[in-house]
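The next block holds one structure in the form of structure tokens; read it before the comments.
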Amino acid sequence: MGAEDLIDLVSIGVVLVGDDGIIRSINSRGQRLLKVTKEEVLGKRVDMLPLRTPLYKVLSENCREMPQELAVNGSLLLVRSTEVVLENGVSAELVEFRDVTEEKRERRQREEFVAMMAHDLKSPLTVMMGYIQAMKGEMLGKVDQSLQSCLEELDRNSYRLLGMIDDVLDAYRLEVGLVSVNQEFSDLQAVLASCCRDLAREAEIQGIQFSSVIKPDIPAVRVDRKQIIRVFSNLVGNAIKFTPRKGSVSLTAERRGETVAVTVADTGIGIPEADLHRVFNKYYRASSARGYKGTGLGLAISKAIVEAHRGTIEVESREGTGSRFTVILPAE
Ligand code: ADP
């Protein structure tokens, strides 16, 4: 059996395009998924194909760096391409694609189920939190001094649990495109300063040196105050969480042309290079995060919020040395 026959048997669609842009080969599955026949397309140049045809759509997309999901003929195809070198030393593009419509539908159903559960968990938790508050305020009677620290712990942990449930709900909102931001003019300086005040306390408890430099000349920015606080609480919270005692964490905000750049840096455990490109994915936790509590949702949610503000978020990190997250927000 020759290589061509073998490729014909695989269950994904495969197209080979030469470096001159000419379609050299397409397997059976590829023909079925894109509703074309070999005879119609072999020897044709990609840029001469009629626009809007599924084949043109799949071949014209740049899927080298990252696989792309494309809606084609009412199905969802996951397309990726790789550069290959043929026997004669000529390079070509190998484009592979598979139908992920059903997979995606099932994933959506799973997400919906988890979101529903998370939503239902909130009701009993809120009732419990109400009683904790009532006990703390001694509305139900005097609370013995020996129980005060227990109450504090119950209070702190119930807020943590609520935060985790909200993250799961937000992850679902993200998936179905429900994250919306309500942008108003906000004094970013004041927003960041209040955020830093709360986090400085947390850093102190964890034995970490925290410093913040918020330059006075940062321009006005339209932000959703509540959401932006979540982003920086999450970034600084992570920095504190992943930095051992005696380490340091800093937040710097400065003007960069027509943008504001906010950098959160730490001297913590860092992120292995192989994990770096995935840390913004939902539920992803780097291998170095084993043993630290978390859901793997904070960065995915933060990225969605920053992008909804037309901003960007980037990470640089070295394992064992520390990490640096930079958020760029456009000024008005
Ligand atoms: P979580 O903190 O709940 O695990 P995040 O989405 O906030 O989830 O972060 C995803 C992963 O990225 C973390 O599990 C960790 O592996 C890595 N990470 C994020 N911030 C840092 C940091 N400052 N230092 C080291 N690793 C980090």
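Yes/no matrix, rows are residues, columns are (1) β-branched (Val, Ile, Thr); (2) part of a helix (DSSP H, G or I); (3) over 30 Å from Asn281 (Cβ atoms); (4) at pLDDT below 90:
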site	(1), (2), (3), (4)
Ile7	yes, yes, yes, yes
Ser25	no, no, yes, no
Gln31	no, yes, yes, no
Pro50	no, no, yes, yes
Leu76	no, no, no, no
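Within segment 114-163, restricting attention to residues that are open to solvent by 80 Å² or more (accessible area, probe 1.4 Å) and in contact (Cβ under 8 Å) with a residue 40 or more places away in the chain, the residue that is farthest from the chain's Cα centre (by Cα) is Leu121. A search for C-beta distances below 9 Å between a residue of segment 201-220 that is under 15 Å from Phe242 (Cβ atoms) and any residue that is of a type in the set (Asp, Glu), counting only pairs 6+ apart in sequence or on different chains, returns Ile208/Glu202; Ile208/Asp266; Phe210/Glu202; Phe210/Glu204. Criterion applied to Glu65, Glu96 was being closer than 25 Å to Ile305 by Cβ and either acidic (Asp, Glu) or without any contact (Cβ under 8 Å) to a residue 60 or more places away in the chain (or both), and the one residue passing it is Glu65. Filtered by the rule that a residue be closer than 19 Å to Lys293 by Cα, surrounded by fewer than 14 Cβ atoms within 10 Å (Cβ to Cβ) and not aliphatic (A, V, I, L, M), segment 205-254 gives Gly207, Pro244, Arg245. Taking (1) out of contact with any Ser or Thr (no Cβ under 6 Å at 6 or more places or on another chain); (2) open to solvent by less than 20 Å² (accessible area, probe 1.4 Å) in turn, Lys38 satisfies each apart from (2). Quick check on my filter: what residues within segment 19-33 are out of contact with any strand residue (DSSP E or B) (no Cβ under 6 Å at 6 or more places or on another chain) and free of Cβ contacts under 8 Å to residues at least 24 places away in the same chain? Across segment 19-33, the qualifying residues are Ser28, Gln31, Arg32.
Taking (1) without any contact (Cβ under 8 Å) to a residue 60 or more places away in the chain; (2) surrounded by fewer than 17 Cβ atoms within 10 Å (Cβ to Cβ) in turn, Ile271 satisfies each apart from (2).
If you filter segment 230-251 down to residues that are in a loop (DSSP other than H, G, I, E, B) and of a type outside the set (D, E, K, R), you find that the one that is nearest to the ligand (Cβ to nearest atom) is Phe242.
Close contacts from segment 304-332, counting a first residue that is touching a residue at least 24 places away in the same chain (Cβ under 8 Å) and a second that is among the small types (Gly, Ala, Ser) and exposed (fewer than 15 other Cβ atoms within 10 Å of the Cβ), with Cβ to Cβ under 9 Å and a gap of 6+ residues or different chains, come to Ala308/Ser180; Ala331/Ala220; Ala331/Gly257; Glu332/Ala220. Of the strands (runs of 3 or more DSSP E) that lie entirely inside segment 148-229, those containing 1 or more residues that are at pLDDT 90 or above span 209-214. Please find, within segment 286-302, the residue that is nearest to the chain's Cα centre (by Cα) out of those that are assigned to a loop (DSSP other than H, G, I, E, B) and either within 6 Å of the ligand (Cβ to nearest atom) or over 16 Å from Ile240 (Cα atoms) (or both). Result: Leu297. Name the single residue that is nearest to the ligand (Cβ to nearest atom) among those in segment 258-285 being of a type in the set (A, V, I, L, M) and farther than 13 Å from Ala239 by Cα. Looking at residues that are of a type in the set (A, V, I, L, M) and farther than 13 Å from Ala239 by Cα, I get Val279. Of all residues in segment 303-326, those satisfying the criterion of being more than 8 Å from the ligand (Cβ to nearest atom), open to solvent by 20 Å² or more (accessible area, probe 1.4 Å), part of a strand (DSSP E or B) and closer than 23 Å to Pro67 by Cβ are Thr312, Glu314.
The values are calculated or read from the model by the stated rules, or taken from the named source; none is laboratory data. Model, not experiment: these values are computed from the prediction. In this analysis, Cβ positions are derived from the backbone assuming ideal geometry, glycine residues included, and neighbour counts consider all displayed protein chains. Only protein heavy atoms, including side chains, enter the accessible area calculation; ligands, DNA and RNA are left aside. Shrake-Rupley method; radii C 1.70, N 1.55, O 1.52, S 1.80 Å.
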